[in-house]
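Okay, so here's the structure we're looking at.
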Amino acid sequence: METLNKQFHIFKKWQFYAYLAGFIDGDGSIMVIKNHYKRQQLPTYSSCISITVRNKEIIDFFYNRLGGWIRKRYEKYYEIVWKREEATKILMRIGRLLVLKAQQARMAIELQLMNKQGSQKIAKKTLAQKDKLYQLCSALNKKQIKIIAGPLNMKQDEFYAYLAGIIDSEGCISVRKVQRGIGGTELGISNTQKELISFIKQRVGCGTYTERINREEYTIRWYGWSFIKIARKIEKFLIIKKNQLIEAMKFQDRKGKFKAGYSLPLEEVKYRKFLMEKIKDMKRAV
């Protein structure tokens, strides 16, 4: 928790909201919820944001900054939820920074503005509109209709804070084995939405792009020098995987001290194996 407490004080507002937008695009949900209670004649609709992850510390980090409601899910997972006005305030802050869930954010904000109108007569008139928003938002979340990417007009620093949020939520930092057991650093992001991966590749300007159409999986990976280029720009924004990144950068820096094709000293081989195992242990602990 010490790292998160330090990061809490380091983050400026714009950095935090850009990071949060990335985290929600990667591993969050923006919904319009429909409830029909027995004592009420008409159904009620409300906006909702939720994030479900295994890492309790990041959930506490978001709670300390934004409030909300925390609950445990499926034994090993934790969920933080913001509803109604809380959700709307957050969406107003991050709406322009969202790429995948920009449409859902606009719908959730529009719904909450309708709810503010209050009068029962007005409520009846807007009921059909609210239900339409509910149906559209549900279809987007179930991928039944095509997602239109957000405005994509992030500033450079906002983008790298956003990218850190994506990597913390569903990115992977590792040291892979290559020929002669030397090893190589790798940073990767996989997602079922091509629009997100294409956007990241366009903004970064480098990376290896692959797609598995049969599984609807799109991936971008950075190795070697491109790994270092990205790592230096996102390091200050990362929270969950920050220590993994630092160790992987150490590994990559040491590679530059030895010429390719030459045998490595035994001590160097042992140290690299130590770093590889250390990163694996960090990944298991997250």
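Brief remarks on what is shown
- Among Gln117, Gln244, Gln135, the largest mean-square fluctuation in a Gaussian network model of the chain (Cα springs under 10 Å) belongs to Gln117.
- By the beta-carbon count within 10 Å of each Cβ, the least crowded to most crowded order of Leu238, Leu66, fewest first, is Leu66, Leu238.
- Calculated mean residue ellipticity at 222 nm for the chain: -17000 deg cm²/dmol, from DSSP H runs with n ≥ 4 weighted as -39500 (n - 2.57), summed, divided by the residue count and rounded to 500.
- Pairs of Cα atoms nearer than 8 Å and 6+ residues apart set the relative contact order; for segment 2-141 it is 26 percent.
- Relative contact order of the chain, defined on C-alpha pairs under 8 angstrom at six or more residues apart (%): 18
- Rounded to the nearest 20, the Cβ-based charge dipole of segment 2-141 about its Cα centre (Lys and Arg +1, Asp and Glu -1) stands at 560 debye.
- At most 14 other Cβ within 10 Å, DSSP loop - GluC sites (Glu not before Pro), segment 25-85: Glu75
- Kyte-Doolittle mean at least 1.6 and Cα axial length at least 18 Å: DSSP H helices in the chain: none
- Distance histogram for the chain (every C-alpha pair counted, 5 angstrom bins, percent rounded to whole numbers): 1, 5, 11, 15, 16, 15, 12, 9, 6, 4, 3, 2, 1, 1, 0, 0, 0
- Here's how it looks for Gly183: its modeled amide H is under 5 Å from those of Val178, which are all 5 or more places away or on a different chain.
- C-alpha center-to-center spacing [segment 182-227, segment 20-89] in angstrom: 28
FYI, it's all coordinate maths here, none of it is from the lab. Bear in mind the structure is a predicted one, so any value in this text is a computation, not a measurement. With ideal geometry, Cβ positions are generated from the backbone for all residues, glycine too; neighbour counts draw on all protein chains shown.
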